[in-house]
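Report on the structure given below.
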Amino acid sequence: MMRAVTIKEFGGPDVLTVEDVARPEPLPTEVLVRVHAAGVNPVDWKTRVGHGMAGLQTFPLILGWDVSGVVEEVGFGVTTLVPGDEVYAMPWFPRAAGAYAEYVTAPARQWARKPATLDHVHAAAVPLAALTAWQALVDTARVQAGQRVLITAAAGGVGHFAVQFARHLGAHVIATASAARHPWLRELGAEEVIDYTASPFEQAVKDVDVVVDLVGDGQDRTGTRSIEVLRPGGLLVAVPGGVSPELAEAAEAAGVRATPFLVEPDGPALTTIAGLIDDGQVAVEVEETFPLEQAGAAHTRGEAGRTRGKLVLTVTG
Ligand SMILES: NC(=O)c1ccc[n+]([C@@H]2O[C@H](COP(=O)([O-])OP(=O)(O)OC[C@H]3O[C@@H](n4cnc5c(N)ncnc54)[C@H](OP(=O)(O)O)[C@@H]3O)[C@@H](O)[C@H]2O)c1
């Protein structure tokens, strides 16, 4: 058996309850990992209330997709990991991964060795947010040196990785955040930082090649407004809400492109990201940790939408 935070119905933070449940067994090609820390992401609370990836799940559901831990056991056929290896991953997404628990099983190749310079808490803050930033900038937008990249909600989990990756790629990085976060975002590599609470960002920036929008149209129509800052042919990666028919129409009328986006498990990309972290090129910001039993408090904190970097649950170790 193992301790896990389960939900049996969609609802507020109080539907998250700690229980003893069966410990998973690794199938052939899978590894069993003892979870030391689990990252908390907006998709966790969106799914908890019945949105996000809720339609793909069954009850009882163990939320959480970000894991850092130690390999406990490997299934038949696994040749790349052995018990005792320190690993991190965003396994199974968008199927349930069950990271808010003492053990997780997942295919060996969805894991990567955790960055050697990070403890488990900081490593658990990386996978989902960093893979989102990496897959948006590198695999989707194919950002090149010298391009102008706007990142909205740059101070959050995905945003603070996106700023650093875009800078690493040689882009001119423009970020939106509230004023208190500006000095930190400049340290991370943003050359221009716009206080979105003081004035509309589209009045302060133009000729952008790529927008990685992390706010969406739910709040102040940030997605649609970001079309105005793109150069002709530029690309909007609409990370939170996809591309609505209205957004697609506005993009076409403006002569720019807009694409929906969903992050995917990617062990090899996590190995590359671990290298950047261990080289000192990318820093990981954890604003607050919560014990597993306080997953509800972590959700409440995250849902306020003001997190600097990441929130993480400590599980074992
Ligand atoms: N499609 C996918 O695969 C995928 C993957 C990952 C995340 N997402 C989605 O992407 C969004 C961002 O995720 P996240 O983990 O980065 O969220 P997060 O860490 O919770 O974001 C919090 C940050 O958002 C900033 N913020 C809030 N409203 C803003 C606005 N109007 N303009 C600029 N900044 C604003 C806040 O900065 P201030 O305190 O400075 O205001 C805060 O630092 C979420 O909706 C998430 O569900 C989608």
Debye-sum result for segment 184-317 in log10 I(q)/I(0), which assumes one identical scatterer on each alpha carbon, at q = 0.10, 0.16, 0.19 Å⁻¹: -0.46, -1.08, -1.27
Stretched out fully, how many nm does the piece from Val82 to Thr271 gain, at 0.36 nm a residue minus the Cα gap? 66.4 nm
Net charge around His160, counting only other residues with Cβ within less than 14 Å of its Cβ (Lys, Arg = +1; Asp, Glu = -1)? +3
Can you tell me the orientation of helix 245-254 relative to the chain, as the angle in degrees between its alpha-carbon axis and the longest Cα principal axis, to the nearest 10? 40 degrees
Rank by packing, highest mean first: peptides 146-159, 214-227, with packing defined as the count of other Cβ atoms within 10 Å averaged across residues. 146-159, 214-227
Calculated FRET efficiency for the pair Lys46/Met1, C-beta based, R₀ 41 Å, to 0.05: 0.90
Starting from a Cα-only point model with no solvent, please compute log10 I(q)/I(0) by Debye for segment 59-206 at q = 0.08 1/Å. -0.29
Tell me the relative contact order for segment 31-177 as a rounded percent, counting alpha carbon contacts under 8 Å between residues six or more apart. 23 percent
Using only Cα atoms, find the angle between the long axis of helix 267-278 and the longest principal axis of the chain, and express it within 0 to 90 degrees, rounded to the nearest 10. 70 degrees
Compute the angle between helix 157-168 and the longest alpha-carbon principal axis of the chain, please, reported from 0 to 90 degrees and rounded to the nearest 10. 60 degrees
Distance in nm between pseudo-label sites at Thr316 and Ala22 (7 Å out along the Cβ direction from Cα): 1.9 nm
A student applying the Cα gyration tensor rule (rounded when a/c is under 1.5; otherwise prolate if a/b is larger than b/c, oblate if not) would label segment 25-146 oblate
Sequence-distant residues sharing a close amide H with Val256 (under 5 Å, placed H): Gly233
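If r is the Cβ-Cβ distance from Glu9 to Thr197 and R0 is 41 Å, what FRET efficiency results, to the nearest 0.05?
Plugging the Cβ-Cβ distance into 1/(1 + (r/R0)^6) gives 0.70.
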Would you mind counting up the charge near Arg186? Only other residues with Cβ under 15 Å from its Cβ, with Lys and Arg at +1 and Asp and Glu at -1. -2
Expressed in nm to one decimal, what extension gain is obtained for the pair Val138 and Ala297 from 0.36 nm per residue of sequence separation less their Cα-Cα distance? 53.8 nm
Alpha-carbon radius of gyration plus Dmax, which is the widest Cα pair, for segment 171-260 in Å: 12.7, 38
Which net charge results when you count Lys and Arg as +1 and Asp and Glu as -1 among the other residues whose beta-carbon is under 12 Å from that of Arg113? -2
Determine, for each peptide in 259-267, 119-127, the mean count of other beta carbons within 10 angstrom over its residues, then list the peptides with the highest first. 119-127, 259-267
To the nearest µm²/s, what D does Stokes-Einstein give for the chain at 4 °C and 1.567 mPa s, using the Kirkwood radius over alpha carbon pairs as Rh? 66 µm²/s
Based on C-alpha coordinates, I'd like the Rg and Dmax of segment 45-89, in Å. 14.9, 39
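Each reported figure results from applying straightforward, stated rules to the coordinates on display, with no laboratory input. Predicted model, so just to flag it, every value in this text is computed and none were measured. Don't worry about glycine lacking a Cβ; one is built from the backbone with ideal geometry, like all the others, and counts go over all protein chains shown.
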